[in-house]
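Written below as structure tokens is the structure these notes are about.
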Amino acid sequence: MTTSNNPLSLLQQQLSKSSMALAMSSGVVTVAFFFGFFSDKAPDIDIKEFFLFSFISVVLVEVIKNLLQRFAKRLETKLEDKVDDLADYIIDGCSSLVQLLRYRAPIRFIDRYQNFIKTFYCEVELPGPKTNLAFDCELEEVYISFNFSYDDYHKTPIQPTDEHGLSAVWYALTGGGRSSRRFHPIMITGSPGAGKTTLLKYLLLASAGIKRTRATRKFRRLTPIFLPLREIAPKILSDPSTNLATLVESQEIIQTLKPSTGWFQRKLKRGQCLVMLDGLDEIANEQNQIKIGRWIDQQIRSYSGTAFVVTSRPFSNRKEVIKEVSTFLDMRPIHFKQAEKFILSWYKHHEERKGQLAKNRRDRAALEIKAHRQANQLIVRIKQNPYLFQLTNTPLLLIMIITIYDSGCVLPKSRGALYKEICKVMIERRNYSDSLQRLINLTADQTLSVLQSLAFKLVLREQLLFS
């Protein structure tokens, strides 16, 4: 016979035992009262009053028992999250204390590393320069959950068990939830703008502990490593023997944080890292993609058991490029209800930033009402435009629509018109912020014409960047 270790379940069992004991004691008292009263004052006994008293006692005891059981259930529901959070805080504090006593340098580095992640990756990437923007949009405030399906023949959907959709990623990493000691490498594919990079950045913040929820609790024990493949590809192609730990520690920002020698190597060997390699499709040509894929295979074999997540656009020969990955997740388009939630969160966060300067509660309430009105106006405009409605299925296009709408421009009716309009908005913002651009004295349409020719030549050369 097994017993539960849950303190709330034990409390409920104890209350049930107490109520049963109360009922038994009531019965004993009633019997004792009956015999004592019957023996001393037999002629004066009223049998009806006695049985009525016994019945009322039993009913009261049963009512109290049910109330105690309902109270225990409600108490368990109310305190479950708080007890879990308190237990996490205690465990994290004890582990931090142990590391502080045994490894003083690593604990100081991990604090600096997590603070760097929370500062550097906390904002949503917006189109164009940040100047002339009303606010910096924090990822944590506007993040919406993504939908996943297995990238197989049937496109089997995965039902997330949390509001942020992170349980699907954890389920795939742990091989269907069988074990969290040895992770399985996975690849997440999605169309352009589906939110692959946004998902990885939210995993970064979850691993750094920026928001303590039941969904992020599982990722907090892993040290996150985020590497855009387009940035590290030149080093890998020039020296394929470079291992992952050396590549991470050679980054300039990591060197400024001053980790101890071999810190990332030890973490990777122990399987205590979450390695996120973003944008395999952004490698210039197919030959280089194959070379990068072989390098990733080598790192997965070298650090077996470590959690690897690779993102890319869908491509046909992905199983040949990375042979060590056998689990593929596909990011599905977001629903319009999710788009509505994103729009409302966007404007609400915008007005909350303004509300920090509000003088009183009435001003803050007025700003919140304004946020709901602006969001609803845009949602109505989108619903009235069937072409625009179809473009709200990816976060990137949704951000473009919001940006164009806030700029006072006419909302486009096609994907090509949307791209053209967002490019013009970015050019106008850059012209506004850059004095050198104003000296060139080109209109947005003229600048866009020059950039189109340049982009076409870069595509022919299979080149992403130029100087």
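Read the figures in this text as sums done on the coordinates, not as results from a lab. The shown structure was predicted, so the numbers you read here are calculated from the model rather than taken from an experiment. No Cβ is skipped: glycine too gets one built from the backbone with ideal geometry, and neighbour counts run over all protein chains shown.
The table that follows gives values for the structure above.
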| quantity | calculated |
| --- | --- |
| Cα-centre dipole for the range 253-331 with unit charges at Cβ (Lys and Arg positive, Asp and Glu negative), debye to 20 | 520 debye |
| Expected-Rg normalisation [2.2 N^0.38 Å, Cα atoms] applied to the range 241-394 | 1.54 |
| Whole-Hz couplings from phi, Karplus 6.51/-1.76/1.60, listed for the range 314-324; x for Gly and Pro | x, 8, 6, 9, 5, 6, 8, 6, 10, 7, 7 |
| Sequence-distant residues sharing a close amide H with residue 147 (under 5 Å, placed H) | 332 |
| Separation in nanometres of the label points that stand 7 Å from Cα toward Cβ, at residue 379 and residue 337 | 1.2 nm |
| Gain in span if fully extended, residue 291 to residue 252, counting 0.36 nm per residue against the direct Cα distance | 11.6 nm |
| Residue-span extension gain [residue 60 to residue 75] - 0.36 nm each, minus C-alpha spacing | 3.2 nm |
| Amide hydrogen neighbours beyond the local backbone of residue 123, cut-off 5 Å, H modeled | 139 |
| The range 191-293: relative contact order as a whole-number percent, Cα under 8 Å and 6+ apart | 34 percent |
